[in-house]
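Asks: Input: one structure, supplied below.
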Amino acid sequence: MSLRIMFNRTGNNHLASKNLIWLCVLLLPTLAFAANKVSNDKPAEDTKNYPVTISADQLVSQSKAGQSEYRGNVQLNRNKLELQGSQLKLIHPNDKLQTATTTGNPATFKDYLPKKQQWVNGEAKQILFDQEKDTVTLIDNASMIMDNGNRIKADKIVIHNKDETFEASGSKQNGRVKMTLQPDN
């Protein structure tokens with residue numbers, strides 16, 4: 001947005017200054033709104049650009065095959081996402097993270113949902129993080145709980161980080177998903 005003000009040199013400079021002041025007073029709210037609108041319309045942050053750090057007791061890497069396996073007290077961190085378990089298998093063709101699968105008894109995860117402004121914690125026997133889809137999938141005896149006390153228990157829970165939604169499905173044995181919603185305070 002540009003503003004062009006022209007003055008007539010033959011006129012009264014005092015009058016021109018007063019007009020300029022009034023023009024600024026009148027335009028200031030509009031300019032402030034436009035500046036705020038531009039700064040608030042920036043696209044959502046791409047979480048794929050965060051580095052992934054992993055610590056473990058042991059690493060077996062097959063770089064040419066694009067796979068690595070970490071064993072013993074494994075912890076993976078990416079921004080606010082944290083996965084923990086006894087084993088972690090990474091698929092990383094051309095050194096680009098594709099998936100990370102954590103197993104444990106149980107494996108755990110923690111992540112922050114900025115739109116909901118809440119932490120979510122969960123556990124399962126297997127947790128799959130898919131970098132491209134930006135999902136976390138809890139498989140086998142899965143459960144998650146949010147800061148507000150809402151809980152989900154199922155055989156499989158898929159968390160879609162981008163839009164902060166969840167899917168849950170029951171096992172073939174009992175076919176049930178259990179959800180507990182806490183009342184608003």
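The values are calculated or read from the model by the stated rules, or taken from the named source; none is laboratory data. Since we're looking at a predicted model, the values are computed, not measured. Reconstructed Cβ throughout: ideal geometry from the backbone, glycine too, with neighbour counts over all protein chains shown.
Asks: Hey, among 83, 97, which residue is outside any strand (DSSP E or B) and either assigned by TED's automatic domain parsing to the domain that holds residue 154 or touching a Phe, Trp or Tyr at 6+ places or on another chain (Cβ under 8 Å) (or both)?
Replies: 97
Asks: Between 102, 108, which is under 20 Å from residue 69 (Cβ atoms), modelled with pLDDT of 95 or more and either among the hydrophobic types (A, V, I, L, M, F, W, C) or crowded, with 20+ Cβ neighbours inside 10 Å (or both)?
Replies: 102
Asks: For the stretch 142-153, does any single residue satisfy the condition of being on the phi > 0 side of the Ramachandran plot and either small (Gly, Ala, Ser) or not in a strand (DSSP E or B) (or both)?
Replies: Checked the stretch 142-153: at least one residue is on the phi > 0 side of the Ramachandran plot and either small (Gly, Ala, Ser) or not in a strand (DSSP E or B) (or both).
Asks: Just to be sure before I move on: is residue 26 of a type outside the set (D, E, K, R) and either modelled with pLDDT under 50 or not in a strand (DSSP E or B) (or both) in the structure I sent?
Replies: yes
Asks: Right, here's the next one. Please go through the stretch 158-177 and pick out each residue that is farther than 16 Å from residue 81 by Cα, part of a strand (DSSP E or B) and either of a type in the set (A, V, I, L, M) or not assigned by TED's automatic domain parsing to the domain that holds residue 131 (or both).
Replies: 168
Asks: Also, I was wondering about something else. Going by the conditions given, is residue 125 over 24 Å from residue 78 (Cβ atoms) and either of a type in the set (Lys, Arg) or at pLDDT below 95 (or both)?
Replies: No: the conditions fail for residue 125.
Asks: Scan (1) without any contact (Cβ under 8 Å) to a residue 12 or more places away in the chain; (2) under 19 Å from residue 88 (Cα atoms) for the single condition residue 175 breaks and write down its number.
Replies: Unmet for residue 175, out of (1) without any contact (Cβ under 8 Å) to a residue 12 or more places away in the chain; (2) under 19 Å from residue 88 (Cα atoms): (2).
Asks: Give just the number: which of (1) closer than 24 Å to residue 59 by Cα; (2) surrounded by 19 or more Cβ atoms within 10 Å (Cβ to Cβ) does residue 144 not satisfy?
Replies: Every condition holds for residue 144 apart from (1).
Asks: What number of residues in the stretch 154-183 are over 14 Å from residue 142 (Cβ atoms) and under 24 Å from the mean Cα position of the chain (by Cα)?
Replies: Total meeting the criteria: 9.
Asks: Which residues, taken from the stretch 111-127, are assigned to a strand (DSSP E or B) and either surrounded by 19 or more Cβ atoms within 10 Å (Cβ to Cβ) or of a type in the set (S, T, N, Q) (or both)?
Replies: 111, 118, 120, 121, 122, 123, 124, 126, 127
Asks: Among what's in the stretch 128-141 and is in a loop (DSSP other than H, G, I, E, B) and not polar (S, T, N, Q), pick the residue that is surrounded by the most Cβ atoms within 10 Å (Cβ to Cβ).
Replies: For the stretch 128-141, the residue satisfying everything is 134.
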